[in-house]
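Colleague: One structure coming up, written as structure tokens, with questions to follow.
The values are calculated or read from the model by the stated rules, or taken from the named source; none is laboratory data. A quick note: this is a predicted structure, and the numbers were derived from the prediction, not measured. Here the Cβ is made from the backbone with ideal geometry for all residues, glycine too, and neighbour counts use every protein chain on show. Only protein heavy atoms, including side chains, enter the accessible area calculation; ligands, DNA and RNA are left aside. Shrake-Rupley method; radii C 1.70, N 1.55, O 1.52, S 1.80 Å.
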Amino acid sequence: MSHNSFGHLFRVTTWGESHGPAIGAVVDGCPPGLTLTESDIQPWLDRRRPGQSKFTTQRQEPDQVRILSGTFEGRTTGTPIAFVIDNVDQRSKDYGDIAQRFRPGHADLTYALKYGIRDYRGGGRSSARETAMRVAAGAVARRVLDTVTIRGALVQMGPHKIDRSRWDWAQIHENPFFCPDPVAAAQWEEYLSAIRKSGSSCGAVIELVAEGIPPGLGAPVYGKLDADIAGALMSINAVKGVEIGDGFEAAALSGEENADEMTMQDGLVTFGSNHAGGVLGGISTSQPVVARFAVKPTSSILAARRSVDMQGQDVEIITKGRHDPCVGIRAVPVGEAMLACVLADHLLRHRAQNPHAPIEARLPRN
């Protein structure tokens with residue numbers, strides 16, 4: 001069985017392992033005639049690239065992408081688009097000590113139980129290295145979503161949250177955390193420095209906002225837009241929770257508080273709030289789509305942990321190597337990419353079924 005693909009009309013398949021010679025992806029279903037070169041993809045990969053600050057893994061991968069197929073003279077042809085990125089800075093010797101031991105919190109045990117074999121070098125296929133190809137695919141999806149803006153921000157690191165009254169999108173480019181709150185960013189730097197020096201790790205919460213979404217994306221019951229977004233975000237390494245709109249906070253609201261009231265303005269339906277996160281009944285409303293996902297602390301830490309080995313013996317294990325003290329930082333561009341892929345897929349599906357559907361929240365006329 002193949003479980004390395006996602007999407008329907010805009011379909012992405014990734015391949016490769018953390019310490020293999022290369023990683024790659026194939027994007028099938030991209031419309032023809034869109035401008036696309038490596039220079040359209042590379043800036044998004046550079047945002048995810050490791051080794052850019054002391055707060056991420058020091059593995060030095062340039063992540064230079066090459067397009068192998070699906071374009072001609074800088075435009076998409078409508079045929080499968082294949083990418084490849086060479087792995088150039090593997091240090092497989094760092095993982096020799098865990099060849100026969102299972103790291104707590106990692107997929108080592110489950111891979112061995114499922115397949116009877118595992119690539120212990122950096123986690124093999126389960127490594128977050130694979131997410132580089134999701135970012136490349138997301139860059140293509142953004143070409144499909146030419147009127148949509150997708151942005152992500154880190155809104156919580158460990159127990160420390162941002163102050164939303166200080167939210168400034170411009171600030172996410174001014175610190176290594178994609179943080180929209182400059183005061184929180186300064187506090188996080190001190191907090192994460194201590195975490196990193198101790199050899200430990202922390203989790204994070206990322207918020208994604210997509211604006212310019214037309215109404216009608218998604219389908220009732222089994223094709224819900226928010227369900228597909230949740231599934232895509234949950235597929236990212238180390239993600240343990242997803243919420244749309246107010247999410248779990250909605251449970252504390254009354255029906256009056258939670259209802260996004262509607263009025264007419266210049267012939268369009270307008271909303272007084274967006275508790276629903278831009279999705280009602282699994283279908284986009286034209287409001288911003290808002291999603292958050294929680295990333296657990298990086299499982300690779302220097303503190304000794306109890307585990308078992310391949311022979312069924314109790315052991316103690318310390319995970320060496322180069323690891324992110326907060327993997328949530330580099331998950332921001334990955335989350336953006338996954339949201340872009342889902343939205344591109346649903347946009348193409350919506351156009352296929354409803355080619356004359358409105359692009360704004362204008363009521364149909366009988």
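Colleague: Can you pull the accessible area of S286 for me, 1.4 Å probe, Å² to the nearest 10?
Modeller: 40 Å²
Colleague: Here is a further query. How would you rank 18-27, 158-167, 215-224, highest first, on the average number of other Cβ atoms within 10 Å across their residues?
Modeller: 18-27, 215-224, 158-167
Colleague: Of K161/K240; K224/K296; K197/K240; K114/K224; K161/K224; K296/K320, which sit over 23 Å apart, Cα to Cα?
Modeller: In this structure, K224/K296; K197/K240; K114/K224; K161/K224 exceed 23 Å between Cα atoms.
Colleague: With Rg and the Kirkwood Rh both taken from Cα atoms, where does Rg over Rh land for region 325-366?
Modeller: Working: Rg = 16.3 Å, Rh = 12.9 Å.
My calculation puts Rg/Rh at 1.27.
Colleague: Next question. Compute the whole-percent fraction of alpha carbon pairs in region 282-352 spaced more than 19 Å apart.
Modeller: Cα-Cα pairs in region 282-352 separated by more than 19 Å: 59 percent.
Colleague: Leaving ligands, DNA and RNA out of it, rank W169, W15 by accessible area with a 1.4 Å probe, largest first.
Modeller: W15, W169
Colleague: Per 5 Å bin, what percent of the C-alpha pairs of region 158-208 does each bin hold, from zero upward?
Modeller: 4, 20, 31, 25, 13, 5, 1
Colleague: Still on this structure: If you bin every alpha carbon distance in the chain into 20 Å steps from zero, what whole percent lands in each bin?
Modeller: Final binned percentages: 28, 56, 16, 1.
Colleague: Across 10 Å bins from the origin, how do the percents of Cα pairs in region 168-298 run, short distances first?
Modeller: Values per bin, smallest distances first: 11, 32, 34, 17, 6, 1.
Colleague: Could you check which residue among N354, N237, N274 shows the biggest mean-square fluctuation in a GNM of the chain with a 10 Å Cα cutoff?
Modeller: Among N354, N237, N274, the largest GNM mean-square fluctuation belongs to N354.
Colleague: How high is the relative contact order of the chain, given as a whole-number percent (alpha carbon pairs under 8 Å, six or more residues apart)?
Modeller: 22 percent
Colleague: Return one number: the angle in degrees, 0 to 90 and rounded to the nearest 10, between the long axis of the Cα atoms of helix 182-198 and the longest principal axis of the Cα atoms of the chain.
Modeller: 20 degrees
Colleague: Just how much of M262 is accessible, in Å², when a 1.4 Å probe is used and the result is rounded to the nearest 10?
Modeller: 120 Å²
Colleague: Taking the Cα atoms only, what angle lies between the long axis of helix 225-234 and the longest principal axis of the chain, rounded to 10 degrees?
Modeller: The angle comes out at about 10 degrees.
Colleague: Hey, another quick one. Under Stokes-Einstein, with the Kirkwood radius over Cα pairs standing in for Rh, what whole-number D in µm²/s applies to region 70-150 at 37 °C and 0.692 mPa s?
Modeller: 208 µm²/s
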